[in-house]
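To start, the structure under review is shown below, and the notes come after it.
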């Protein structure tokens with residue numbers, strides 16, 4: 001029980017630039033590689049305003065022309081946000097970027113999200129764009145899995161994001177990706193893995209050499225479907241406070257298929 005308790009306490013949410021319980025500033029995909037430009041065409045950069053400039057804080061996925069899904073811990077009502085679509089290399093203006101402001105009243109954090117308890121789950125939020133995205137080769141909608149869908153152990157999923165390259169390391173300019181095989185609940189909930197910290201409304205993936213890191217929060221866990229398309233099965237949530245790529249502490253994602261009803265209801269009513 002003591003080990004389980006320690007496992008519960010020693011986690012870190014993966015937003016960049018926030019100071020919240022269980023979190024520390026900033027991260028990226030660890031031991032990943034530069035993604036093929038615009039291959040994850042639903043990936044967005046969620047940015048907040050500070051001192052007259054906007055800064056990357058989290059990832060997200062475009063799930064409708066005017067809606068993005070991200071993590072609950074990425075959102076603070078005291079901040080002003082914008083979303084950048086069609087982004088690849090953050091250091092240059094490539095011409096494909098769509099910068100869309102977010103109105104203060106268009107941030108919808110799951111009602112059961114508790115910022116004092118990252119491991120309690122429900123780490124998911126929806127962001128309504130102030131205008132619709134222009135879809136094309138470099139900006140496309142993510143597919144979501146059917147409600148209740150559970151990935152098998154070792155399903156070959158990919159994380160993508162602009163989070164830190166290693167624990168405490170720099171943020172990359174180019175979008176990173178890494179293969180993170182799924183670790184099913186049976187394995188991930190073992191006492192020497194995440195124990196009671198992981199819930200059935202979460203997905204574990206990776207754990208050891210490749211992982212998410214600060215700045216990846218809210219971004220997608222991209223998994224292949226039977227028809228060859230990609231589905232966003234996870235929203236990047238937290239890793240171990242011992243380090244982003246700690247053995248037996250896979251990156252933990254909010255399981256999107258557990259929140260399909262909430263997503264549909266929120267979009268329909270707003």
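Screening 218, 243, 207 for residues that are on the phi > 0 side of the Ramachandran plot, out of contact with any strand residue (DSSP E or B) (no Cβ under 7 Å at 6 or more places or on another chain) and part of a loop (DSSP other than H, G, I, E, B) leaves exactly one candidate, 243.
Taking the criterion of being part of a helix (DSSP H, G or I) and closer than 11 Å to residue 249 by Cα, the residues of region 188-203 that qualify are 188, 195, 197. Between 168, 161, the distinction of being surrounded by fewer than 16 Cβ atoms within 10 Å (Cβ to Cβ), assigned by the TED database to the domain that holds residue 237 and under 28 Å from residue 53 (Cβ atoms) belongs to 168 only.
Quick check on region 87-95. Is at least one of its residues in contact with a strand residue (DSSP E or B) (Cβ under 8 Å, 6 or more places away or on another chain), assigned by the TED database to the domain that holds residue 120 and not in a loop (DSSP other than H, G, I, E, B)? Yes, some residue in region 87-95 is in contact with a strand residue (DSSP E or B) (Cβ under 8 Å, 6 or more places away or on another chain), assigned by the TED database to the domain that holds residue 120 and not in a loop (DSSP other than H, G, I, E, B). Evaluating residue 180 against the criteria (1) surrounded by fewer than 24 Cβ atoms within 10 Å (Cβ to Cβ); (2) farther than 23 Å from residue 113 by Cα; (3) in contact with a strand residue (DSSP E or B) (Cβ under 7 Å, 6 or more places away or on another chain) leaves one unmet condition, (1).
The values are calculated or read from the model by the stated rules, or taken from the named source; none is laboratory data. As the structure is a prediction and not an experimental result, all values here were calculated from the model. Note that we place each Cβ from the backbone using ideal geometry, even for glycine, and neighbour counts take in every protein chain shown.
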